[in-house]
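Working notes, beginning with the structure itself.
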Amino acid sequence: MTATATKTLEATLAPPTTSKEHRLERTVATYRRALSDAFESGADTQTAVNDVVTPYTLTSYAKDALK
């Protein structure tokens, strides 16, 4: 019979750099403005929401999440 060896891997996340933290804060603020504008516009279709959020500087993934 063979013995089974098990190893555990432990990872630690490094804190974000100041630059990355500021960029994340700007992205979150932009996303919230776009979300608020989409709701306030009364857009009721994906196309209408797309028209509202297109001008915002967000990734396509973030814009798609708003639709």
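At-a-glance table
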{"read-out": "Boolean, residue 8 is exposed (fewer than 10 other Cβ atoms within 10 Å of the Cβ), modelled with pLDDT under 90, assigned to a loop (DSSP other than H, G, I, E, B) and among the polar types (S, T, N, Q)", "value": "no"}
{"read-out": "Condition check for residue 30: in contact with a Ser or Thr (Cβ under 7 Å, 6 or more places away or on another chain) and either polar (S, T, N, Q) or in a loop (DSSP other than H, G, I, E, B) (or both)", "value": "yes"}
{"read-out": "Filter result (surrounded by 11 or more Cβ atoms within 10 Å (Cβ to Cβ) and either of a type in the set (Val, Ile, Thr) or in a loop (DSSP other than H, G, I, E, B) (or both)) within region 33-67", "value": "41, 43, 49, 52, 53, 56, 58, 67"}
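The values are calculated or read from the model by the stated rules, or taken from the named source; none is laboratory data. All figures in this text were calculated on a predicted structure; none of them were measured in a lab. Heads up, the Cβs are rebuilt from the backbone with ideal geometry, glycines too, and the neighbour counts pull from every protein chain shown.
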